[in-house]
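Have a look at the structure below before the remarks.
The values are calculated or read from the model by the stated rules, or taken from the named source; none is laboratory data. Since the model is a prediction, treat every value here as computed from it, not as a measurement. Backbone-built Cβ (ideal geometry, glycine too); neighbour counts: all protein chains shown. Note: accessible area is taken over every heavy atom of the protein model, side chains too, but ligands, DNA and RNA are not part of it. Shrake-Rupley method; radii C 1.70, N 1.55, O 1.52, S 1.80 Å.
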Amino acid sequence: MSTVSAATAGGPPSASEDTVLSVDHLVVEFKSGRQRVHAVSDVSFQVRKGETLGLVGESGCGKSTTGRALVQVQPPTSGSVNYLGQDLSALSNRQLRKVRTKIQMIFQDPISSLNPRRRVKDIVAEPLVIWKRGTKDEKADKVRSMLEAVGIDPDTAGDRRPQEFSGGQCQRISIARALMAGPDLLICDEPVSALDVSVQAQILNLLADLKARFSLTMVFIAHDLAVVKNVSDRVAVMYLGKLVELAGSDDLYRSAAHPYTEALMASIPEPDPEQKSAHKALSGELPSPLNPPSGCRFRTRCPYAAPLCAEQEPLLREVAPGHQVACHFPLVGGKADTSAAPNPAD
Amino acid sequence: MIGRRGPQNGKRALEFPDVGESDEPLLVVENLHTSFRTGRGTVHAVDGVSLTVAAGTTLGIVGESGSGKTVLARSIMGLLPVRDVIKSGTVHFAGHDLTAMEPDQLREIWGAELSMIFQDPMTALNPVKRIGIQITESLRLHLDMDRKEADATAVELLRSVGIPSPEQRVRWYPFQLSGGMRQRVMIAIALACAPRLIMADEPTTGLDVTVQAQILDLLGKLQRERHMAVILVTHDLGVVADRADEIVVMYAGRVVERAPTRTLFAETHMPYTRALMESIPRLADPSGTRLQAIPGRPPDLIHPPKGCRFAPRCAFAQDKCRESDPPLRTAGSPDHLFACWFPLVHGTSTAPSASASASAAGDTTIDPGPVVQSP
Ligand SMILES: Nc1ncnc2c1ncn2[C@@H]1O[C@H](COP(=O)(O)OP(=O)(O)OP(=O)(O)O)[C@@H](O)[C@H]1O
Ligand SMILES: Nc1ncnc2c1ncn2[C@@H]1O[C@H](COP(=O)(O)OP(=O)(O)OP(=O)(O)O)[C@@H](O)[C@H]1O
Ligand code: SF4
Ligand code: SF4
Ligand SMILES: [Mg+2]
Ligand SMILES: [Mg+2]
């Protein structure tokens, strides 16, 4: 088993052979007047071949910025993104364009991400046209089979325009377009957040099927941990620009070690009236990324915060094989042990 | 805190007896129909809906996108466009028939007795007005407060919906607030005159789950404090599972199941309700669990299919389902209504082709109760 200790105390990343994507000490900052928005602060993780890594956290925590930095739409302020051993930020524009056929992104708002004036078959054929792949007939065949793969009837839908379709159908069309260039890595930024629950289930199942069929590796971004857990092998939890916990999906659910992960789990609406007692909504708002709290960034909302939390930043460390957490007093069996010895990494 | 309308309010033309004390439900909706004339034909968005809401309770209205939830909510409120709308049926609120009221009588009730929180807070708030003004407008209109009193009340209201530093925030504009804060402001406006019923149309759709939980908890707390009735409209059964007293499930403009919340979950009769429950990913399920997605899409409301409208997507559909429309009826408990020819009993379908396993399971018969509403 490959260890996932890339981010512990600045040690060298231990990229194993099956690593497709390695993100090391990624920092993205934006200038806002004279201030700086700390959108992504020193985030490291790896994605292995064929796995789905989930990225979860509340609005504004830096999920999309991380996703955009992975494809270099958003150039990182520092740190690196390695795809199959190539440092993407070191590539020339031409080399980068080539790599981008292998890394595709799909977005939250399916309707506005499709050009309303173009016909569905032209939208889906776009990547082939850009990359000048195949003859006219070959392109048309590929479009047909891809539309069928995502559950859209090419005969009735091909000549229509995006407004004539529902949100779920538009998301299928944008997935078809993303798969046309034959990517290895698919980055999905909230692909189901704008859809209602029944359509959401259709799209999640579709992504699982396509992943198997086209041997895709995926990064799946969303704010709902139940959704993320359903599709992901491992889940990375972000809070205010930081990675706070990373673990196998079932492991994370069974033994969440970060108080924020615990709060995220409590906020999921369970379709079961008998689950009433589990509610413990997170209070307060996400602090401003212009001026993040000292020490642990979650301390202003953490029910277990102690003086140490304001003084020292908890570093990401391994609490169990493959399970990393950044907290001075990680939860054990659902309880914080504030009497425990503080984080040895400090 | 904000008191009830006091005797100083001499403007009030209508009397609203406190039906909270009586057995009469606060809201009684009977056989409501709303259709829109469009270029393509007539859209039957709400097609014969009846429901009641008792004072201080929460009714959840659940259904897929396009099932008619918003049109129903607006029809109850009397907030429909005047042109190209065909409507019938009655809405009695505290004994008054809202459907028979003049627009200026309705305006007197909106905000004061009955208020609405809209699906999209950014478009519902006026972008060029400070949020404080937007709250005090209705206070001054309905409660006859002077400026100073209204300003102080606005600050109090913002504090009660959990907005930090409300003294400063009253002077802010909507764009300066996050999505969650804007929805809190919407709630503050809806609460301003202490209405007896709040219609919340997907108040948290589009917000993230942490903010959603905060907003719904807030609404629940204020409801208990003020003994308000709430109608909570959503596409996510999870949202109403532990917050509603009773749930109405809508499909293609109609009520297909209606029951007290616990009964609805424990004894689901309508396959559509079950399908909605199963399409939600659950945290407790192992990762990679295949979701039970409902195939296809809701029907066209201009030419709805003959028979049961869910039949094209229903795993248990029989010939009978495609031929005739199942009426809304009861079975067993009088407060559990459903519209299905072959209801689920203890999770198993009573449809003939599905009964191979059902007969093995034993008791799966259901004695049909009286028909409550024929299609
Ligand atoms: N171009 C930009 N300029 C300035 N600040 C930005 C920019 N893009 C993002 N930010 C800020 O960076 C932070 C992270 O934003 P990001 O969009 O990555 O969050 P997110 O987790 O994707 O949130 P959401 O769930 O709302 O999509 C936010 O505070 C945001 O306001
Ligand atoms: N003004 C209108 N003119 C014509 N058709 C309309 C009008 N308003 C709504 N409809 C149609 O009525 C049906 C019900 O719409 P409604 O907005 O009530 O659905 P909903 O259940 O609230 O969906 P969502 O979850 O997407 O908000 C839809 O088919 C819609 O297209
Ligand atoms: S480090 Fe302290 S404040 Fe941060 S999550 Fe852990 S206990 Fe809470
Ligand atoms: S009436 Fe028939 S088609 Fe309709 S829900 Fe019941 S079993 Fe399914
Ligand atoms: Mg985002
Ligand atoms: Mg609606």
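Between the amide H of B:Val161 and any residue lying 5 or more places away or on another chain, no distance stays under 5 Å, with hydrogens modeled in the peptide plane.
What separates the Cα centres of region A:64-139 and region B:82-136 is a distance of 46 Å. Counting only heavy atoms of the protein chains and using a 1.4 Å probe, B:Trp172 has close to 80 Å² of accessible surface. Using the Karplus relation 6.51 cos²θ - 1.76 cosθ + 1.60 with θ = phi - 60°, the per-residue 3J(HN,Hα) values for region A:297-302 come to 5, 8, 4, 5, 10, 8 Hz, with x marking Gly and Pro. Any chance you could run the full-extension gain for B:Gln373 through B:Thr123? It's 0.36 nm times the residue separation minus the Cα-Cα distance, nm to one decimal. This chain segment gains 86.3 nm when fully extended.
Say the cut-off is 21 Å between C-alpha atoms; which of A:Lys98/A:Lys139; A:Lys49/A:Lys136; A:Lys49/A:Lys102; A:Lys63/A:Lys132; B:Lys129/B:Lys221; A:Lys142/A:Lys229 go over it? Listed pairs above 21 Å: A:Lys49/A:Lys136; A:Lys63/A:Lys132; B:Lys129/B:Lys221; A:Lys142/A:Lys229. Here the simple spin-label model places points 7 Å from the Cα toward Cβ, and for A:Val99 and B:Leu79 these points are separated by 5.0 nm. Taken about its Cα centre, region A:113-180 carries a charge dipole of roughly 300 debye when the Cβ of each Lys and Arg holds +1 and the Cβ of each Asp and Glu holds -1. Once the Kirkwood radius over Cα pairs is known for chain A, the Stokes-Einstein relation at 25 °C and 0.890 mPa s delivers a diffusion coefficient of 115 µm²/s.
Using a simple spin-label model with pseudo-atoms 7 Å out from Cα toward Cβ, B:Arg40 and B:Thr90 lie 3.5 nm apart. Note that region B:286-296 has calculated 3J(HN,Hα) couplings of x, 5, x, 4, 6, 7, 8, 6, 7, x, x Hz, one per residue in order, obtained from phi through the Karplus relation 6.51 cos²θ - 1.76 cosθ + 1.60 (θ = phi - 60°); glycine and proline are x. FRET efficiency for the B:Gln292 to A:Gln275 pair, using the beta carbon distance and R₀ = 25 Å, is estimated at 0.85.
Its DSSP H runs of at least 4 residues, each contributing -39,500 (n - 2.57), put the calculated 222 nm mean residue ellipticity of the protein assembly as shown at -8500 deg cm²/dmol, to the nearest 500. Assuming charge only on the beta carbon of Lys and Arg (+1) and of Asp and Glu (-1), the dipole of the protein assembly as shown about its Cα centre is about 2360 debye to the nearest 20. Net charge dipole, region B:25-248: roughly 560 debye, given to the nearest 20, about the Cα centre with Cβ charges of +1 for Lys and Arg and -1 for Asp and Glu. Using modelled amide H (1.01 Å from N, peptide plane; none on Pro or chain starts), what sits under 5 Å from the amide H of B:Thr58, excluding residues fewer than 5 places away? Sorted by chain and number, the residues that satisfy this are B:Val230, B:Asp245, B:Glu246. With all protein chains kept in place, the per residue accessible area of region B:25-248 amounts to 37 square angstrom at a probe of 1.4 angstrom. Taken residue by residue and averaged, Cβ atoms of other chains lying within 10 Å of the Cβ of B:285-298 number 6. For the protein assembly as shown, the share of accessible area belonging to carbon and sulfur comes to 51 percent (1.4 Å probe, ligands and nucleic acids excluded). Take A:251-260, A:303-312 and order them by the average number of nearby Cβ atoms within 10 Å per residue, most first; the result is A:251-260, A:303-312.
Look at the dipole of region A:198-332 built from charges on Cβ: of A:Cys309, A:Pro259, A:Gly248, the Cα furthest out on the positive end belongs to A:Cys309. Here the spin labels are modelled as points 7 Å beyond Cα on the Cα-Cβ line, and at A:Arg160 and A:Asn115 they lie 2.1 nm apart.
Positive end of the dipole of region A:113-180 (Cβ unit charges, origin at the Cα centre): among A:Val124, A:Gly168, A:Pro154, the Cα lying farthest that way belongs to A:Val124.
Take the Cβ atoms of B:Ala152 and B:Asp104, set R0 to 30 Å, and the FRET efficiency comes out at 0.55. Amide hydrogen proximity for A:Ile187: with H placed 1.01 Å from N in the peptide plane, the residues at 5 or more positions away or on another chain lying under 5 Å are A:Gln104, A:Met105, A:Ile106, A:Val219. Counting only residues at least eight positions apart within a chain, or on another chain, the lysines with an alpha carbon under 17 Å from that of B:Lys320 are B:Lys306.
Inter-chain neighbour count for A:225-238: the average number of beta-carbon atoms from partner chains within 10 Å of each residue's beta-carbon is 4. The calculated FRET efficiency for B:Ala266 paired with B:Asp319, based on their beta-carbon distance and R0 = 25 Å, is about 0.25.
Simple rule: put +1 on each Lys or Arg Cβ and -1 on each Asp or Glu Cβ in chain B, find the dipole, and look at B:Ala259, B:Leu72, B:Ala54; the Cα lying farthest toward the positive end is B:Leu72.
Across region A:162-170, computed HN-Hα scalar couplings (Karplus, 6.51 cos²θ - 1.76 cosθ + 1.60, θ = phi - 60°) run x, 4, 7, 10, 6, x, x, 5, 4 Hz from first to last residue, x flagging Gly and Pro.
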